[in-house]
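Structure first, commentary second.
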Amino acid sequence: LNTRDSGRDPVLRKFGRGWQNYYKVDWRVLPKLICHQIEKQRNSKITFAGSERPIEVARAMVFTSAKKDTDPNSIRMRMFREMSNANYDVHMMETIGQGEKCVDIQLAVEMLHYATVPNAYDVAILLSGDKDFVPALVRTRQKGKQLCIASMKIGCNRVLYESPHIRDYDVVWLEELLDELIIPIPQDELSRRDRAGYVSVFTMMRVLRDFVGSAPDRKWVNSRDIGKYLKSIKISDSNMLEELKQCHSGLRTFLMERACNLFDVKFPGGKSGRGPDDHSFWVRVKGDTSKILIDEFKRTQFFTKEEKEFLEDYKVDKYINDASYIKTEVASEEIKSVPQNSVE
């Protein structure tokens, strides 16, 4: 759901880049939507004659993993919190280094275990596109349980939809459910997101655009320089870095969600030679951003008194000095070794 490959991502094609700013995934309805598709298949096929009983969701389980130092405000971690709030049983395994996650094994074990528990479930719905689950699917059917697979076409191995012996229903394609799964964020919720502190999204975008765009040769800028720069800009009794953390979940999340139309982001590969505590990344401005800023300005319903005073006094060269891009200069060779496909 959060890939940035516009050529392959059905969500991006339908809702546009930066869709997370104005839409959200309604995780509560996902199990019901899939069950409704199963019921439609039951009603249209002679194979399921006599299966008039509506499908009820007994349990929705999610299996995943994360490193101990994963940012709790990252898109991925917030997604799992949203699932938990929607009454999913989220099983989060903690991984160390590059160790095997074992998530697939845990999921397969749970599915087979409950297949042997009387009345635990009648239909198992696997939301995945991974062919590694095939043995578990076969065994689950041998236990007398029905199987359905839900997936996205861009991420589903052909074995899962071409092999009839591993499932009882046609694959439910999530691309066909997007209008019901992804819903507009209510206006009052949008206002709460943007007005938790002194600074609006527009002002944060402008300050970031000005700093990154003022880099020598308009090149990539290291995120550590951006953080240092934002911390130097005072607004009332706070600073821009604190505003970014408190109101927008930090720089990475803001760039990836709220300002993805303004910036490209690059993350270093595993062989960058960095220390274990260096989680910095690279940012650059995407061409002409004036229209995007104007549109965001028009969407901003109001500015706080502190923000108005800041904007009246704001000048780019007031905060930028010779040391503003020091980390960028020191680590400039690293950006050349970052694979192109790591650009978000």
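Computed from the coordinates by the stated procedures, all read-outs in this text should not be read as laboratory data. Keep in mind the model is a prediction, meaning the values are calculated, not measured. Ideal geometry is used to build each Cβ from the backbone, glycine not excepted, and the neighbour counts take in all protein chains shown.
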Euclidean distance of C-alpha centroids, segment 107-124 and segment 198-258, integer Å: 49 Å
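Given the peptides 304-312, 179-187, 25-33, arrange them by the average over their residues of other C-beta atoms within 10 Å, most packed first. Can you show the working numbers first?
Details: 304-312: 14.4, 179-187: 12.7, 25-33: 17.1.
Going by the mean number of other Cβ atoms within 10 Å, highest first, we get 25-33, 304-312, 179-187.
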Using the Karplus curve 6.51 cos²θ - 1.76 cosθ + 1.60 with θ = phi - 60°, what ³J(HN,Hα) values do you get for each residue of segment 152-164, in whole Hz, with x for Gly and Pro? 10, 4, 6, x, 10, 5, 4, 4, 6, 9, 9, 9, x
Going through K24/K234; K234/K308; K67/K153; K14/K67; K231/K327; K45/K153 one by one, the pairs whose alpha carbons sit over 25 Å apart turn out to be K24/K234; K67/K153; K14/K67
